[in-house]
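The values are calculated or read from the model by the stated rules, or taken from the named source; none is laboratory data. Keep in mind that what you see is a predicted model, and the values were worked out from it rather than measured. Cβ: placed from backbone, ideal geometry, glycine included. Neighbour counts: every protein chain shown.
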Amino acid sequence: MVKALFRKIRRIKEITSAFIPLERSGFHYKMRLQLLTLLLLLVQCGFAEETCSGLVPTKTRATTISLTDFGGVGDGRTLNTKAFEEAIYQIEHLHRPGGTLLYVPAGVWLTGAFNLTSHMTLFLDKEAVIMATQDIESWLLIDPLPSYGRGRERPGGRYMSLIHGNGLTDVIITGDNGTIDGQGDSWWNMWRQGLLSFTRPHLLELMHSTEIVISNVVFQNSPFWNIHPVYCSYVIINNVTILAPHDSPNTDGVDPDSSSNICIEDNFMSTGDDLVAVKSGWDEYGIAYGRPSSNITIRRLSGSSPFAGVAIGSETSGGIENVLVEHVTVSNTGTGIHIKTNKGRGGYIRNITVSNINLNTVRTGIKIAGDVGDHPDKNFNPNAFPVVDGLTLKDVWGDNFELPGLIRGLKNSPFTRICLSNIKFENFKQQVDPWKCEDVSGYSMEVQPLPCTELASPYGPNLCSNAI
Ligand SMILES: *[C@@H]1O[C@H](CO)[C@@H](O)[C@H](O)[C@H]1NC(C)=O
Ligand SMILES: *[C@@H]1O[C@H](CO)[C@@H](O)[C@H](O)[C@H]1NC(C)=O
Ligand SMILES: *[C@@H]1O[C@H](CO)[C@@H](O)[C@H](O)[C@H]1NC(C)=O
Ligand SMILES: *[C@@H]1O[C@H](CO)[C@@H](O)[C@H](O)[C@H]1NC(C)=O
Ligand SMILES: *[C@@H]1O[C@H](CO)[C@@H](O)[C@H](O)[C@H]1NC(C)=O
């Protein structure tokens, strides 16, 4: 830590002295140099938070077009599906070097679902709202995902997401805090009344895509999950706000699914289901497709939900590994951290690190369970047990809840190397057996209330290798 700081100071001195002419190295210049160094250091310290902004190369577009160039009308009544399609067709076919920015001006732009293309930026003005039509007849049905074998909530195909992309490279969705609004209430009501034959649409789904940045926009009232990157890599979701009522069904915030090198950073979410849920396919379909989710960072997330703050699962059949969750603050939430899978899933959940978590008013602090979630059909293999190994949860604080922890593995596949350290929970209802454990082994250090006997012993050598 100190070494790193000194390295930084040396580096800053190198940089600053490059701006000071050699012949002027007198006392005053040296003083100024010191001041400049101090200033830069302060600035650096203030903003020295870790970030994955380098995960995707930064792009600036040389060409800009506006939705109004294609007959778009932002009056909240005119349907703009054609305008979006034509603008994006032009971006695709003119193929300008550096890509093209599609500007969505102030206004309410009603539209049906449309596809994005590669090398484009969708930029929403501060006062721009892209608003989904509620006319379900106009909504296209697309094939189910191979790793799910069917729609997530109904057999067969599924409605295409409002904003959709397949096989894309280099796409940015950003703006000046403009809004993408799914007008989900009509979908939620139809779902509640059992009137839907197919799975509801996401607000944004990207399939088989890479180099994606989603930032500085508001997603609200999605019919189903909000943002669904599936079979994707190198995706940054940063500085977005995701909002849906707490009673809206299945309005997950972000669900990275069979995807790798994903970073979800500096976001606020308040939804009707898990804020972030890492997934990788469903039972026999997910096992056959075999595409894991890996190298996922979820950092500086805050919000609330009746379900989980951060979840892993329950669809985990392609495997999930190398996940880092840190600096998460949730309140008025069902479960702070929820790692969930089931028999029939197969796959694995391993090398998961969760740290610096603040929970305020939640039902369950930490839940790790092998009996969660439904099956796609009767053909799942009941002997396909998931492997859960190497989960570290450290520096977790909680205040005001019912149950501190529930850790329930599977008889045929006990969860191993579950490591808890520096966890402090206060004001909880469950005073008898505050940690409920079954079929689990691991270690703990400085955990309050004291964990279950299965996890009571302190670290064994190298057994919690991802703990420190
Ligand atoms: C949009 O993409 C979907 C799925 O890839 C495809 O079925 C559909 O035909 C596309 N729509 C248009 C207008 O290109
Ligand atoms: C986050 O988004 C807001 C509004 O869209 C913008 O003003 C702000 O500069 C963004 N912050 C960062 C760090 O990009
Ligand atoms: C962006 O809009 C959301 C939703 O209205 C709001 O909560 C948030 O504070 C806004 N962000 C900025 C930087 O204006
Ligand atoms: C994940 O990160 C590790 C370590 O940085 C790297 O070796 C591996 O190739 C990455 N996996 C993927 C799928 O990119
Ligand atoms: C475990 O995951 C972390 C990210 O949390 C990663 O940095 C590390 O390389 C992974 N370890 C192994 C052995 O893959």
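State whether one or more residues within the stretch 326-338 are in a loop (DSSP other than H, G, I, E, B) and at negative phi.
As a first pass, look at the stretch 326-338 and keep what is in a loop (DSSP other than H, G, I, E, B): none.
No, the stretch 326-338 contains no residue that is in a loop (DSSP other than H, G, I, E, B) and at negative phi.
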Item to check | Subset of the stretch 245-286 [in contact with a Lys or Arg (Cβ under 7 Å, 6 or more places away or on another chain) and acidic (Asp, Glu)] | outcome: ASP255, ASP257, GLU265, ASP266, ASP283
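Is it true that ILE212 is over 26 Å from SER186 (Cα atoms), within 16 Å of ligand 4 (Cβ to nearest atom) and at pLDDT 95 or above?
On the way: over 26 Å from SER186 (Cα atoms): yes; within 16 Å of ligand 4 (Cβ to nearest atom): yes; at pLDDT 95 or above: yes.
The answer is yes for ILE212.
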Checklist entry - Has the stretch 439-459 got at least one residue that is buried (at least 18 other Cβ atoms within 10 Å of the Cβ), of a type outside the set (A, V, I, L, M, F, W, C) and out of contact with any Ser or Thr (no Cβ under 8 Å at 6 or more places or on another chain)? => result no
Next on the checklist: Can you tell me how many residues within the stretch 73-104 are touching a strand residue (DSSP E or B) at 6+ places or on another chain (Cβ under 6 Å) and surrounded by 14 or more Cβ atoms within 10 Å (Cβ to Cβ)?
Outcome noted: 15
Checklist outcome for this item: Here the residues within the stretch 389-405 that are out of contact with any Phe, Trp or Tyr (no Cβ under 6 Å at 6 or more places or on another chain) and surrounded by 21 or more Cβ atoms within 10 Å (Cβ to Cβ) are GLY390, LEU391, THR392, LEU393, LYS394, VAL396
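Criterion first (in contact with a helix residue (DSSP H, G or I) (Cβ under 8 Å, 6 or more places away or on another chain), touching a residue at least 40 places away in the same chain (Cβ under 8 Å) and outside any loop (DSSP other than H, G, I, E, B)) does TYR234 satisfy it?
On the way: in contact with a helix residue (DSSP H, G or I) (Cβ under 8 Å, 6 or more places away or on another chain): yes; touching a residue at least 40 places away in the same chain (Cβ under 8 Å): yes; outside any loop (DSSP other than H, G, I, E, B): yes.
In short, yes.
Within the stretch 135-154, identify whether any single residue is touching a Gly at 6+ places or on another chain (Cβ under 9 Å) and within 15 Å of VAL213 (Cα to Cα), and answer yes or no. Break it down into steps so the answer makes sense when it comes.
Filtering the stretch 135-154 for residues touching a Gly at 6+ places or on another chain (Cβ under 9 Å) gives 135, 138-151.
Next, from what is left, pick out any that are within 15 Å of VAL213 (Cα to Cα): none.
No.
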Checklist entry - What number of residues within the stretch 125-164 are surrounded by fewer than 23 Cβ atoms within 10 Å (Cβ to Cβ), away from ligand 3 (no atom under 16 Å from the Cβ) and outside any loop (DSSP other than H, G, I, E, B)? => result 7
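Can you tell which of PHE219, PHE224 is under 21 Å from MET131 (Cα atoms) and in a strand (DSSP E or B)? I'd like the intermediate steps shown before the answer.
Working: PHE224 fails: in a strand (DSSP E or B).
Being under 21 Å from MET131 (Cα atoms) and in a strand (DSSP E or B) holds for just one of PHE219, PHE224, which is PHE219.
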Checklist entry - If we keep just the residues of the stretch 245-262 that are buried (at least 24 other Cβ atoms within 10 Å of the Cβ) and outside any loop (DSSP other than H, G, I, E, B), which is nearest to the chain's Cα centre (by Cα)? => result VAL254
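When you scan the stretch 90-105, how many residues do you find that are in a loop (DSSP other than H, G, I, E, B) and in contact with a Lys or Arg (Cβ under 7 Å, 6 or more places away or on another chain)? Working first, answer last.
Looking only at the stretch 90-105, we keep the residues that are in a loop (DSSP other than H, G, I, E, B), and these are 95-99, 105.
Filter once more, keeping what is in contact with a Lys or Arg (Cβ under 7 Å, 6 or more places away or on another chain): 98-99.
Count: 2.
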Next on the checklist: With surrounded by fewer than 23 Cβ atoms within 10 Å (Cβ to Cβ) and within 17 Å of ASN351 (Cα to Cα) as the only criterion, which of PRO414, PRO434, PRO382, PRO386 stands out?
Outcome noted: PRO414
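Quick one: is SER222 buried (at least 17 other Cβ atoms within 10 Å of the Cβ), polar (S, T, N, Q) and out of contact with any strand residue (DSSP E or B) (no Cβ under 7 Å at 6 or more places or on another chain)? Break it down into steps so the answer makes sense when it comes.
Details: buried (at least 17 other Cβ atoms within 10 Å of the Cβ): yes; polar (S, T, N, Q): yes; out of contact with any strand residue (DSSP E or B) (no Cβ under 7 Å at 6 or more places or on another chain): yes.
Yes; evaluated as a whole, the condition is true for this residue.
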Checklist entry - Can you find even one residue in the stretch 289-300 that is basic (Lys, Arg), in contact (Cβ under 8 Å) with a residue 24 or more places away in the chain and not in a strand (DSSP E or B)? => result yes
Next on the checklist: Give all pairs with beta carbons closer than 7 Å in which a residue from the stretch 344-359 that is part of a loop (DSSP other than H, G, I, E, B) meets a residue that is more than 13 Å from ligand 5 (Cβ to nearest atom) and acidic (Asp, Glu); count only pairs at least 6 apart in sequence or on separate chains.
Outcome noted: GLY344/ASP283; ARG345/ASP283
